[in-house]
Amino acid sequence: MHGERRSYSLREIKARFGGEIAGDPGVEVREVATLESATAGAIAFFANERYLPQLEATRASAVILGAGARDATQLPRIVCANPYAYFARVSDLLNPAPAARAGVHASAVVDGSATVAPDAEIGPCVAIGREARIGAGCVIGAGCVIGAGVAIGAGSRLYPNVTVYHGCVIGERVVLHSGVVIGADGFGIAMDDGRWVKVPQVGRVVIGNDVEIGANTTVDRGAIDDTVIEEGVKLDNQIQVGHNVRIGAHTAIAACAGIAGSARIGRYCRIGGASGIAGHLTIADNVEISTFTLVTKSIREPGTYTGAYVFEPHKDWRRNAVQLRHLAELADRVRALEEKPAKTRRRRR
Amino acid sequence: MHGERRSYSLREIKARFGGEIAGDPGVEVREVATLESATAGAIAFFANERYLPQLEATRASAVILGAGARDATQLPRIVCANPYAYFARVSDLLNPAPAARAGVHASAVVDGSATVAPDAEIGPCVAIGREARIGAGCVIGAGCVIGAGVAIGAGSRLYPNVTVYHGCVIGERVVLHSGVVIGADGFGIAMDDGRWVKVPQVGRVVIGNDVEIGANTTVDRGAIDDTVIEEGVKLDNQIQVGHNVRIGAHTAIAACAGIAGSARIGRYCRIGGASGIAGHLTIADNVEISTFTLVTKSIREPGTYTGAYVFEPHKDWRRNAVQLRHLAELADRVRALEEKPAKTRRRRR
Amino acid sequence: MHGERRSYSLREIKARFGGEIAGDPGVEVREVATLESATAGAIAFFANERYLPQLEATRASAVILGAGARDATQLPRIVCANPYAYFARVSDLLNPAPAARAGVHASAVVDGSATVAPDAEIGPCVAIGREARIGAGCVIGAGCVIGAGVAIGAGSRLYPNVTVYHGCVIGERVVLHSGVVIGADGFGIAMDDGRWVKVPQVGRVVIGNDVEIGANTTVDRGAIDDTVIEEGVKLDNQIQVGHNVRIGAHTAIAACAGIAGSARIGRYCRIGGASGIAGHLTIADNVEISTFTLVTKSIREPGTYTGAYVFEPHKDWRRNAVQLRHLAELADRVRALEEKPAKTRRRRR
């Protein structure tokens, strides 16, 4: 799954990504590693004081670190503003994603009216519906099913067993991991005379450029208008995005979160794992939602919001949690106590 | 993915679905829209006072609304008892699901002992096991895998990449969205001498007519007896239904809910998203469970039940949540305060 | 989906699994059942006093029970130390998983450099990448996709539509249910100048022997080092395991749980459904986490830990939950009241 690998000197790396070299610029690295697991030939990064002992003990050939840590090691090193992001780029250089192997596998089923770029790779047992368009350099993994009229932009990669329903639009350089389902029907039902009537879901899902979506995440198509994932959004695994949701650019959402229908999430938000966003509300830009938090009303101000129960040994929890059902009463009793001395004083007068 | 489309006059629509026309009955509509996004040729609905400004500004050609809102617009309109359900039917008329294209795709693998109705559509790369039976007019999407002995009733539609394990029974007009897994083993394990022993799961999943199940939802087969989803149940995406659960007819469950083994849920319940139902309990008919709520004991009475933590700015949550671990103590202290004045009074006597 | 079935006498069963027979050892059984649903020819088990009425009324031909319940019925019975585990073994005897049908289906696509054991079964529309190795007696269900360099140990069974990314290692006798995704990229992103930079995920997933993983569960590959699932671990459906997690041997995790990156979970833990384990923490051996509980810091001692909100009728919850936002203030007010009598007394002096 990796392309051609080779070694790079720190000098070559600096030429690509900037920063400053301290120590021997000719040192060659061929793989990334953690400080702890590194051996000769590896480059690691240091971005957190907590790992100072690991930095001191590392057997890496070179390290990426920030200006403040410049002298924390004498190993050959690259000093830069954002060591973690720099490391990400070096790792991508050392572990290049394999280029698309142009061609449609013999077992793939591509409708005659679909358009597949000549340099795209279409894997085994893929099905591509009528009038679908697969852009230049795309990789469509084995077992993917691409519905009628779907458009996938250049350089996108679908890992195996992804499903994209009819009519959805996927940008450029998008990554969809296995088991992702884009464009299934939103949950639209109307009760009538004792039976649910299905509300046809006729909108689409529109996904911007540079979006990545984790394994088994589902993004429902719009009921009438579209569900929209703006550019640069990063979704982890097993997230559910309801119909007509809009997720603003560069927002990141951790695994197992659920976004109910018609919620509008701002740009550059960070949404914690297993959190929930109720439907039909608005979250401002730059909002952070903590893990396990249910957001039940709109958030207008940037900041961090939390609503998770704290855990404790079960026997303590048992004693404490039972009081949750008496909180209002407890507050009333405290109020009564506060009022009593006054009355008592009054009575004493 | 849509069948033949055409325009309909309000007169034709009324002839099919009833209601009353106000304004020109000859107005033709060809698509549904929201009040806000509608343009000429579209029909929208109005069911919530909150959208009165949108109703006043809409460019829809016609509107569906209730008797109370009859005069809220002068546009051609259909007045009916349940505008949302009426709209659902009109949308289905204007956006008909495509009929099955009879036939088995050349790349599908159908066991010689399986029975496929002549008018059913079996997509590319589908696998159908021995003695399975696919009913009239079914559509089995690309990449679906249907186990041995499975029966699927007439008019059902499986979107791509659905898996149905051996022996499961699926009713008529059932819709299963992509990534759904029906009949995987329930979580049955017995600890014995330091190792888990698997308890074979020999029951089935039995799904009634008119059930719809959302993307990546999983319904486990029974351990011994069956797991049962009664008719008309609607399950959203990424729901987990454990072994031997029974879900009563016409119950609707929102995304990401989890139903533990052997729970029995009544008819016409509404279960909120990301809620949890513990195992081996019973929930009455017409019960509503709120989002993010864990139900840990049986519910005998209809009504709405809730147990979600409220969210707030993180710094406030921090101060408040720490008190959860002292609630029992706090209650004790209040009790002590309540008893003190009495003693004090006694001492004063 | 089941192998050759036949009847067994209690005598034969005892010869295989031990225990003691009370009543006629020649009684033959051919299927397992619950006490309630059993008919002639069935064997059931009794492990919970609560089901005594069912034991008394059962029509089973034989029962498995513990020494304490030896005389609770006069039916032919097997008395043993662990009736549930004994039942599991009897059920496996009566419902044998079908043996692999040796051979590669004509529609499967196996890279020429891959190695498939001659007695392995490779189903329809399976894709196996270069240099992958499939061990003896494996069953790879229809639509599975096995990445380059993957190794799967002897006797493992992948149900249909499982995806295993490149380079992952799967032990012997492992069971992966449909929709499982092993080795998708972990959620590694670095913010740089207003855009997320992807951190390549170059570790693997390594799964030990005798692991079972439920439908639609996802296990992410390591960012640099590996994600590790040790032997005998049992994961239910729709669980998310983040990158670089390590799950200790024989730990069992219920459905919908989420384990964030780099968490280390001990051996013989039991993790409840829909619980969450935060990243970069350590959980000791033999820890039990309750359903719906978020673990936010390391747990060093065995025991049960809980943090779930209790549910109640909505109108009661409304009154009580609002007080959560005033808990710190309430505690302050109680402290003030506790201090007041002292002052009052002082004033009185």
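Annotations
- Per-residue mean of foreign Cβ neighbours for C:88-97 is 4 (Cβ atoms of other chains, 10 Å radius).
- Projecting the Cα atoms of B:VAL32, B:PRO76, B:LEU55 onto the charge dipole of segment B:4-78, computed from C-beta unit charges around the Cα centre, puts B:VAL32 farthest toward the positive end.
- Counting charges near A:GLY188 (Lys, Arg +1; Asp, Glu -1) among other residues having Cβ under 12 Å from its Cβ returns a value of -2.
- For the peptides B:13-25, C:270-282, residues were scored by their other Cβ atoms within 10 Å and the scores averaged per peptide; the highest-first order is C:270-282, B:13-25.
- Net dipole in debye of segment B:1-129 [+1 Lys, Arg Cβ; -1 Asp, Glu Cβ; about Cα centre; nearest 20]: 200 debye
- When the alpha carbon gyration tensor of segment C:211-349 is reduced to an equivalent ellipsoid, the three semi-axes, largest first, read 42, 18, 13 Å.
- Residues of type lysines that B:LYS340 reaches as a straight line, Cα spacing below 16 Å, ignoring anything fewer than 8 places off in the same chain: A:LYS340, A:LYS343, C:LYS340, C:LYS343
- Of C:LYS234, C:LYS315, C:LYS198, the one that fluctuates the most in a GNM where chain C has Cα springs shorter than 10 Å: C:LYS315
- Nearest-20 debye value, segment A:161-210 charge dipole, Cβ charges on Lys, Arg, Asp, Glu: 60 debye
- Phi-based couplings in Hz for segment A:206-212 (Karplus 6.51, -1.76, 1.60; Gly and Pro marked x): 10, 10, x, 5, 6, 8, 10
- Hull shadow area, averaged, the protein assembly as shown [alpha-carbon convex hull, nm²]: 50.1 nm²
- Chain B - mean residue ellipticity at 222 nm from DSSP helices (-39,500 (n - 2.57) per run, n ≥ 4, rounded to 500): -5000 deg cm²/dmol
- Point-charge dipole on Cβ atoms (K/R +1, D/E -1) for chain A, about Cα centre, debye to 20: 2000 debye
- Shielding by partners - mean other protein chain Cβ count within 10 Å, residues of C:10-22: 0
- Listed residues B:GLY103, B:GLY41, B:VAL287: farthest to the positive end of the dipole of the protein assembly as shown (Cβ charges): B:VAL287
- If you take all other residues with their beta carbon under 14 Å from the beta carbon of B:GLN54, and give Lys and Arg +1 and Asp and Glu -1, the sum is -2.
- Per-residue shielding of A:273-285, expressed as the average number of other chain Cβ atoms within 10 Å of the residue Cβ, stands at 4.
- Spatial offset of segment B:246-270 relative to segment A:276-296 amounts to 26 Å, using the alpha carbon center of each.
- A label point on C:VAL322, set 7 Å along the Cα-to-Cβ line, lies at 2.7, 2.7 nm from each of its counterparts in the other copies, closest listed first.
- Inter-part distance, segment B:302-329 to segment B:170-219, computed on C-alpha centroids, equals 35 Å.
- Annotation: the antiparallel percentage among DSSP beta bridges lying fully within the protein assembly as shown is about 15.
- Table column - 3J(HN,Hα) (Hz), segment C:256-272, Karplus curve with 6.51, -1.76, 1.60, x for Gly and Pro: 6, 6, x, 10, 7, x, 6, 5, 10, 10, x, 8, 6, 7, 10, 10, x
- Protection proxy ranking of A:262-269, B:50-57, by the mean of other Cβ atoms within 10 Å over each peptide's residues and highest first, is A:262-269, B:50-57.
- Computed with the Debye formula from one identical point scatterer per Cα of segment B:137-193, without solvent, the log10 of I(q)/I(0) at q = 0.14, 0.28, 0.29, 0.31 Å⁻¹ comes to -0.39, -1.18, -1.24, -1.35.
- Annotation: amide H of A:LEU35 within the under-5 Å range of A:PHE45, sequence separation 5 or more or interchain, hydrogens built in the peptide plane.
- Positive-end residue, chain C charge dipole about Cα centroid, Cβ charges, pick of C:GLY258, C:ILE21, C:GLY214: C:GLY258
- Measuring between their Cα centroids, segment B:42-80 and segment A:54-79 lie 67 Å from each other.
Any read-out appearing in this document is the output of simple, stated calculations on the displayed coordinates, not a laboratory observation. All figures in this text were calculated on a predicted structure; none of them were measured in a lab. Note that we place each Cβ from the backbone using ideal geometry, even for glycine, and neighbour counts take in every protein chain shown.
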